[in-house]
Amino acid sequence: MLKKLIATTALALVIGGVAEAQTPRTGGTIRFTAPYGSSFANLDIHTSNRAQDEIWAKAIHRALYNWDANANKPVLELAKEVKVSGDGLVYTYKLRDDAYFHNGRKMTADDIVWTFTRLMDGAKAYPGARYVRIIKGAIDVEKGQAKEISGLRKIDDQTIEMTLTEKVDPGFNFYQAMTSIYPADEAAKESFATKPIGLGPYKFVEYVPGSRLVAERWEKFYKPGQPYADRVTVSIMGEASARDVAFRNKEIDASILGPTQYVAYKADPELSKGLLEVPEVYTRVMGMNPSFKPFSDKRVRQAINYAIDADLIIKKLVKDKAYRATSWLPISSPAYDKDMKPYPYDPEKAKKLLAEAGYPQGFEFEWTATSNESWGIPIVEAVIPMLEKVGIKVKIKPVEGTVLSEVARSGNYQAFIWSNTSGPDPLTSLKCFHSATPQTACNYTQFKNAEFDKLLDEAAATDDQAKRIENLKKANGILREEAPMWWFNYNKAVMAYQPWLKGLQPNATELAIQNYEDMWVDASSPAAK
Amino acid sequence: MKFRANLVIGGILFAGVVIAGIFAPMLAHTDPVMDANLMYAEEPPGGAFWFGTDAQGRDIYSRVLYGARISLTVGIVSQLINTVIGVCLGLSAGYWGGWWDDFVNGLTNMMLAIPSLIFALAIMAILNPGLTSLLIALGLTNWSFTCRLARASALSLKSQGYVQAAKVLGYSDIRIMLTQLLPNMLGPIIVIGTLGMGGAVLAEAALSFLGLGIRPPFPSWGSMLSDARDQITTAPWISIFPGVAIFITVLGLNLLGDGLRDILDPQARTRRA
Amino acid sequence: MSRKPLLEVENLRIDLSVGDAKFPAVQDVSFTIERGETFGLVGESGCGKSITSLALIGLLRHPLSIGGGTIRFDGKEIQNLSQSEMRKLRGNRISMIFQEPMTALNPLSPIGRQIAEMFVLHKGVSWTEANRLAVEALASVRVPAPERRVKDYPHQLSGGMRQRVMIAIALACEPDLLLADEPTTALDVTVQAEILDLIRELSAARGTAVLMISHDLGLIANMCRRVGVMYAGRLVEERIADEVFRNPSHPYTSGLVASLPLLGARSKHGRQRLKEIAGVVPPVAAFPAGCRFNPRCYAATELCRVEDPGVTPLANGGLVRCHHHE
Amino acid sequence: MLSFIVRRLLQTLPIILAVAALIFVMFSVIPGTFASSMSDDGRSVLDAEVMARMNKEFGLDDPVYVRFGKYIAQLATFDLGTSFRTRQPVASVIADRLWPTAQLSFAAMLFAIVVGVPLGFIAALRPGSWIDTISMVSAVSGLSLPKFWLGLMLMYLFALVLGWLPSFGYGGGDPRYIILPAIALGVAPLALLARTTRAAVLEIMNADFVRTARSKGMSESKVVRWHLTRNALVIILTTIGLQFGTVIGQAVVVEKLFSWPGLGSLLVDSVTLRDIPVVQGSILVIVLLFLIINMLVDVLCAIIDPRIKYT
């Protein structure tokens, strides 16, 4: 209890963040880590959609919008204001006039036009293209039918007009690091690949491929007085056990924790003071393939939800580093229904449902899973005995992440367990279950429900925020009832930080991605100088 | 006779592992796969759980015992495959010579040049992680030494009188290879095989670390050790016992191999490290 | 110079240790070598003649060791000398030629260097000087073009040439005693004579005494003034060479002599005896009781099987170890 | 000598080609593509359009024989292709990682040689002594430990408990950073080298020419220096050459554990993310490294041992 209290206080302190508590200290080095396995792809953030790469990109680059972790929504970053037309399709941005690239040149509307046009280069297949595609005419560029995006117009150096193809909030698209604004001419040069120039708070100093990236304070950053620290180093550290040693050895300032370390850190009187816990927008699920006969029956899918004691798994195996899932939308989603209850653990009910569905003796299925500790085979291993109790036998099919993503997209599975983004925009995220969304996009369970489609279409069309949220809540409720998946949990991201590191933000989209300009290190840091 | 410490100690250690594997169903307390019970997750050693329990609440003692089966299977089967490949290629190449010999030689040099762990890693990625894939991956990547040895022996043996005699008697080539040449090179080949078994057990652990090892339902020591590496500070017993099991097995095999070499292949202490 | 013999070996025993047990591989061996004299030791392989020579130069290594007796060299007992004192004798005053010229030379070192080492070790000269001396030494063993040859490696030389190099090494420091352990066994017959001539000639010129060890009685007869015949770790007969051939005392010696084709003294009788005994010298751990030759001896009696014969002096000089010597 | 090297280089050519063909075939049937790897963590959703364009850009939708032809044509011009992930030439991607791997492997081998060879010598000069027993038992033990486990233990002990050394990272030239990974990587070759050295020295100790050397009146230390070392060196060098292959292979594990930015971790990342050109390139470079090192070893052996002809 006490530990929990300490953790919550720590959380409160951090969220309270910049404004209160202490005055930020200038100087020193922030020693950050990139914990997600592989090395950085390269120094062109347009080519990578990985969280691992966004971690360094946040230091060097900025996009049109940024994610406000405290408000839990995208906010304008490179523009001072935006005017939206009555039909909600034309956005006119007044750009910042104090944003300078690291070579000293001022950002203009041309840079934005250039960047978005680059992203639509069909021959290059930039992953950010899917976000820019909401601008009218972007697809023509991608297909090579046009040189310019017709819906993107420079009015003057500091004003730009954007016409969208549908009524969505472009903030959710253009806060992504994949859409970072590049300096138009410089980025075309070859040297950009080795020495990136951006608008971010830190300018690039050095990159040792596979090891770390170093950036130093950009004096002309547009936020007054920021950034505070002189330098940021981002070390690539995929190995959790090694990261643990390095953190305890005070070689790094922050570390993302897995379940086992979460327990250890919570139990430690010193380490427990520096834990930041955030409900992230990832939903862990077991997807069931409707073309596998037993799973075509709703009752069987529900039975699975009843048969698994998810709370016990979360408590014992995931070590409370997760929140019980009720349906698809996560806790931090604006359309999350607080009154919705998760499926209770009820093996008797499960047996009954199975019997009704014609499987009184149960059945056997093949469960495709990776080795991930939070949403892979370890979870499946804990589930196996529970399903065994209601007569369902499980055969594990181990695969790598890459294969899992292909298998889910091709439908070549009976069941899979995965972690999927379920935010931050509830509408976008729920669209993955719209019957018009192909399996190859993200409707992995080929979900098809007329009522659900209608609710979603209405939500997309309406201007009434309350109605939209109401519709999405209902749609989310249908998902719970129809149970195309076993709703397991929402990730609780936990970051351990050293006592001298201040200003972390509870970023629900991905905790490891931080705005470095809001952070500082106080004098007790080994790298305070 | 001289007391051969390495042979005896290695033999005892290895025999222990074999016995543990064979009698695992009798010695184990619980089923290593099905008896996950989260109510007993991460119990320290003692009481009903001699070696404690793991994160899924499974009895580590039982899992380590069953793990012996996996590790022995991995070691023995993969080395058997290696030995068969190596002997077939090497023996025939040395005996027949000619273009076949050149071909086998090139193949061996190529295999030597690709580090076997990297080769195995690639095969695992292609075949998807799992026991069968691992047996194939380790069985296909470590035969070059056996092959070289078999080839060299065949070359030196084929000019021997009794082989020539067998030829004159009209024995078929295959028969000569199997009955005249093979028995005379078996000793050193067994030594290489024994040492290679230890290597296979370690390779399984390394591949598990890289996320490409054996996956459940098999309780393999490598994956147990690798999965538990984050828990070293919180629940060290989960990794200590499989770690010790790997160490004992590989140590036993290495000592056994050394001991066997002294007996079976005395003149070739320096031929292969 | 004293009148004493150069080398006196008395009751030499060499033990073979197997675990904790010790077996005498050589026992009760006594002989003397005068200065400048060539003494031959003959016997089948395994009889202990080679390890006797190794004992003389202090190169017995585990599991072999001197178990008793004395070796007096130039009046001084050397069997208990420290390693460093022994080293001063080795190569310098006692040197040795081995059987296998193929392997007795370091394959990775030029032969000149291997000769020159002797001068650096014992004469304390510089390497430059030693290399010059090595050329001379090579010339003295009649290797053609020695200036060029010194740079050659052993594998570039023929067996005979290599043995010449060995002789050059052994005689480099003009030793008092040369131990030649089967120096020609591994060589072609045509080369053998050349090498033997070389040894004889050079040792005579330097006044070096030679202990010639061979299984070839004919060779010994050619080279040596006196001969010792060894069997199963014992010296069974020791006499002037001519006497041995003309009138062997020990049945084993008779057998050996009878088998010599060149001397023509082969009797039908003797040849058959040798055929009968052909094969095995008993292994060290299984020496028979009584006379060690008794299982193979045509004249063996009950006495031979029970009692170990002592050494009997012979009328015209020499010794024999047999109950029934002729 | 030069012609020897040239000839040896030419001999490696078929091996390189065979390896290239083999890994091409292997990785043409690997499940998953680079595009599918981009959403493997379930975080980002890639739309089918972008994926299709990616596969097109990388030429993955061509038939296998067309790809193979292109690949061989590229190789013929010493072009390793373009990385899917970094979108830069594979050669430059590998070049960035080559030096750290070279540093680590050489440091590991140096450690193995500096400790292992003398250990083997000492053990062989006193066979059966306690020092012989201890060093050989530790050698076998060193061979019997999983590498990542050993590395983790070293990390805990020397970084966390004792605080002597940094636990991870490249350190940009600071030599303290290389110590722990080099030890973790070097223990196995150390053990093998110690054992080989011991066996080699023991064998040579019983060689006839060593007896000859002793009969010359040479002290044991001179016997070792003048006659034993060079002969043992040939065997030791050959072992070192072969061990380099193992070390480069095992570096995959150690580099991953210690966040060492070498070829090994690049290879594992690239396999995981299906960046096939980099995988193929890395393996080819590793094979080439191995062949070059062993060629150097052969040249050294030929210099030391006059019996080896330059053929």
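The values are calculated or read from the model by the stated rules, or taken from the named source; none is laboratory data. The structure displayed is predicted, hence computed values, not measured ones. Virtual Cβ from ideal backbone geometry, glycine too; neighbours counted across all protein chains shown.
Scanning segment D:1-14 for residues that are of a type outside the set (A, V, I, L, M, F, W, C) and within 26 Å of the chain's Cα centre (by Cα), we see that the one that is farthest from the other protein chains (Cβ to nearest Cβ) is D:Arg7. Can you say whether A:Tyr262 is in a helix (DSSP H, G or I) and touching a residue at least 40 places away in the same chain (Cβ under 8 Å), as far as the supplied structure shows? When the stated conditions are applied, A:Tyr262 passes them. Taking segment B:121-141 as the range and being assigned to a loop (DSSP other than H, G, I, E, B) and within 14 Å of A:Val399 (Cβ to Cβ) as the test, the residues that pass are B:Asn128, B:Pro129, B:Gly130. If I ask for residues that are at the interface with chain B (Cβ under 9 Å from one of its Cβ atoms) and more than 21 Å from the chain's Cα centre (by Cα), which ones from segment D:15-27 would you list? Hits for segment D:15-27 are D:Met26, D:Phe27. For A:Thr462, the criteria (1) closer than 30 Å to A:Pro224 by Cα; (2) in the same structural domain as A:Ser333 (by TED's automatic domain parsing) hold in every case but one, which is (1).
Could you tell me which residue of segment C:201-220 is nearest to the chain's Cα centre (by Cα), considering only residues that are surrounded by fewer than 20 Cβ atoms within 10 Å (Cβ to Cβ) and under 28 Å from C:Glu10 (Cβ atoms)? Talk me through it step by step, then tell me what you get.
At the first step, the residues of segment C:201-220 found to be surrounded by fewer than 20 Cβ atoms within 10 Å (Cβ to Cβ) are C:201, C:204-207, C:215-216, C:218.
Next, from what is left, pick out any that are under 28 Å from C:Glu10 (Cβ atoms): C:204, C:206-207, C:215-216.
Working: C:Ala204: 17, C:Arg206: 19, C:Gly207: 18, C:His215: 10, C:Asp216: 11 Å.
My answer is C:His215.
On inspection, A:Ile377 passes the criterion of being surrounded by 22 or more Cβ atoms within 10 Å (Cβ to Cβ), more than 8 Å from chain D (Cβ to nearest Cβ) and either closer than 20 Å to B:Ile126 by Cβ or β-branched (Val, Ile, Thr) (or both). The set of residues from segment D:263-293 being of a type in the set (Asp, Glu) and part of a helix (DSSP H, G or I) comprises just one member, D:Asp269. With respect to A:Thr194, determine if the residue is within 14 Å of chain D (Cβ to nearest Cβ) and either touching a Gly at 6+ places or on another chain (Cβ under 8 Å) or buried (at least 24 other Cβ atoms within 10 Å of the Cβ) (or both). In short, no.
The strands (runs of 3 or more DSSP E) located wholly in segment A:1-109 that include 1 or more residues which are of a type in the set (Asp, Glu) and modelled with pLDDT under 95 occupy A:65-68, A:79-84. Taking the condition among the acidic types (Asp, Glu) and at pLDDT below 85, does D:Asp174 pass? In short, yes. The set of residues from segment A:465-483 being more than 14 Å from A:Phe433 (Cβ to Cβ) and among the polar types (S, T, N, Q) comprises just one member, A:Gln465. Counting only residues that are surrounded by fewer than 17 Cβ atoms within 10 Å (Cβ to Cβ), in contact with a Phe, Trp or Tyr (Cβ under 7 Å, 6 or more places away or on another chain) and part of a helix (DSSP H, G or I), segment D:1-49 holds 1 of them. Among the numbered conditions (1) out of contact with any His (no Cβ under 7 Å at 6 or more places or on another chain); (2) within 14 Å of chain D (Cβ to nearest Cβ), the only one that A:Gly128 does not meet is (1).
None of C:Ile66, C:Ile51 is over 22 Å from C:Ile240 (Cα atoms), outside any strand (DSSP E or B) and of a type outside the set (S, T, N, Q) except C:Ile51.
Within the set of pairs 6+ apart or on separate chains, which have a first residue in segment C:80-97 that is facing another protein chain (nearest Cβ under 7 Å) and assigned to a loop (DSSP other than H, G, I, E, B), a second that is basic (Lys, Arg) and surrounded by 23 or more Cβ atoms within 10 Å (Cβ to Cβ), and C-beta atoms under 7 Å apart? Cβ pairs passing all conditions: C:Gly91/D:Lys216. If you check D:Ile286 against the conditions, is it at pLDDT 85 or above and at the interface with chain B (Cβ under 9 Å from one of its Cβ atoms)? Spelling it out, D:Ile286 is indeed at pLDDT 85 or above and at the interface with chain B (Cβ under 9 Å from one of its Cβ atoms). Only one of the numbered conditions (1) more than 26 Å from C:Val320 (Cβ to Cβ); (2) buried (at least 18 other Cβ atoms within 10 Å of the Cβ); (3) away from every other protein chain (no Cβ under 14 Å) is not met by C:Ile57, and that is (3). Of all the listed residues (B:Asp173, B:Asp102), the sole one being of a type in the set (Asp, Glu) and within 14 Å of another protein chain (Cβ to nearest Cβ) is B:Asp102. Every condition in (1) of a type in the set (S, T, N, Q); (2) assigned by the TED database to the domain that holds D:Leu193; (3) surrounded by fewer than 23 Cβ atoms within 10 Å (Cβ to Cβ) holds for D:Ser105 except the one numbered (3).
For segment A:351-361, a tally of residues being crowded, with 18+ Cβ neighbours inside 10 Å and free of Cβ contacts under 8 Å to residues at least 40 places away in the same chain returns 0. Of all residues in segment B:102-120, those satisfying the criterion of being within 19 Å of the chain's Cα centre (by Cα) and not in a loop (DSSP other than H, G, I, E, B) are B:Met111, B:Leu112, B:Ser116, B:Leu117, B:Ile118, B:Phe119, B:Ala120. Being of a type in the set (Lys, Arg), farther than 19 Å from A:Ser422 by Cα, buried (at least 21 other Cβ atoms within 10 Å of the Cβ) and more than 14 Å from chain B (Cβ to nearest Cβ) is the requirement here; does A:Arg301 meet it? The answer is yes for A:Arg301. Looking across segment C:62-96, the residues that are in contact with a helix residue (DSSP H, G or I) (Cβ under 6 Å, 6 or more places away or on another chain), among the hydrophobic types (A, V, I, L, M, F, W, C) and within 21 Å of C:Leu202 (Cα to Cα) come down to C:Ile94, C:Met96.
State yes or no: is A:Ile181 of a type in the set (Val, Ile, Thr), part of a loop (DSSP other than H, G, I, E, B), more than 24 Å from A:Ala441 (Cα to Cα) and not assigned by TED's automatic domain parsing to the domain that holds A:Lys223?
Numbers: of a type in the set (Val, Ile, Thr): yes; part of a loop (DSSP other than H, G, I, E, B): yes; more than 24 Å from A:Ala441 (Cα to Cα): yes; not assigned by TED's automatic domain parsing to the domain that holds A:Lys223: yes.
Yes, satisfied.
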